[in-house]
Amino acid sequence: DSGVTQTPKHLITATGQRVTLRCSPRSGDLSVYWYQQSLDQGLQFLIQYYNGEERAKGNILERFSAQQFPDLHSELNLSSLELGDSALYFCASSVGLAGEGETQYFGPGTRLLVL
Amino acid sequence: GENVEQHPSTLSVQEGDSAVIKCTYSDSASNYFPWYKQELGKGPQLIIDIRSNVGEKKDQRIAVTLNKTAKHFSLHITETQPEDSAVYFCAASSKEGFQKLVFGTGTRLLVSP
């Protein structure tokens with residue numbers, strides 16, 4: 001158990017809908033990262049937050065947004081869902097110190113299926 | 001930006017054999033290289049990592065080597081066991097932004113009894 005929690009574990013929805021994925025980082029970690037993993041694909045970095053502020057953006061679609069709250073939990077919002085958004089979404093957390101590279105601890109993921 | 005290539009995509013070995021997975025990276029400024037193991041239905045789990053000031057690191061049956069000049073690093077698993085079967089991902093820490101890991105495309109390792 002990495003200490004990172006994600007809810008829900010599974011999510012089934014229809015095209016055009018909006019969903020919210022939730023992540024709680026490890027105790028003491030200030031950085032939260034979101035990744036997308038499609039079938040037979042690697043981990044694609046979406047976005048990073050540090051202590052409530054957006055710090056880095058990857059290949060995140062405009063239909064997707066995220067935020068990190070004062071208690072450091074984070075939510076990833078996916079809207080106008082398309083079939084191709086079906087994937088595993090992982091949250092990771094790290095202490096949040098810059099410069100030397102940090103260990104990222106991953107949550108168990110949310111499996112999203114768009115029908 | 002950083003690009004990480006990983007080979008092979010699949011690897012089948014017999015129990016007790018060694019397994020080697022190789023990765024190359026493009027950004028010479030990258031300084032942190034973790035390896036993750038992902039079992040079916042679970043999130044990636046860190047198994048070992050190495051920083052750019054070290055050439056090799058070992059943890060029981062797992063070792064990682066880093067060649068900064070050639071910009072490649074490798075994962076070595078000795079005395080493989082069926083429970084080592086999983087997908088393994090390498091990653092490199094890019095200097096883009098605050099801190100960003102760029103992952104390889106993964107290697108599916110199958111250890112047969």
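Every read-out reported here was derived from the displayed coordinates using simple, explicitly stated rules and does not represent laboratory data. This is a predicted model, so every value here is computed, not measured. A quick note on method: Cβ atoms are made from the backbone with ideal geometry, for glycine too, and the neighbour counts reach across all protein chains shown.
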Post the alpha-carbon centroid distance, the stretch A:18-59 to the stretch A:63-90, in whole angstrom. 8
Enter the mean projected area of the convex hull around the alpha-carbon atoms of chain B, in nm², rounded to one decimal. 6.8
Checking the stretch B:64-113 for trypsin sites (Lys or Arg not before Pro) in a loop per DSSP with at most 11 other beta-carbon atoms within 10 Å yields none
Under a GNM of chain B (C-alpha, springs under 10 Å), which listed residue has the highest mean-square fluctuation: B:GLY41, B:GLY16, B:GLY55? B:GLY41
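Measure up B:LYS22/B:LYS42; B:LYS22/B:LYS57; A:LYS57/B:LYS100; B:LYS42/B:LYS71; A:LYS9/B:LYS37; B:LYS22/B:LYS58 against 18 Å on the Cα-Cα distance and list the ones that go over.
Numbers: B:LYS22/B:LYS42 23 Å; B:LYS22/B:LYS57 15 Å; A:LYS57/B:LYS100 9 Å; B:LYS42/B:LYS71 30 Å; A:LYS9/B:LYS37 20 Å; B:LYS22/B:LYS58 16 Å.
The answer is B:LYS22/B:LYS42; B:LYS42/B:LYS71; A:LYS9/B:LYS37.
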Convert each backbone phi in the stretch B:7-15 into a coupling constant with the Karplus relation 6.51 cos²θ - 1.76 cosθ + 1.60 (shift: θ = phi - 60°), then list the ³J(HN,Hα) values in order as whole Hz, x for Gly and Pro. 9, x, 7, 9, 8, 10, 9, 8, 3
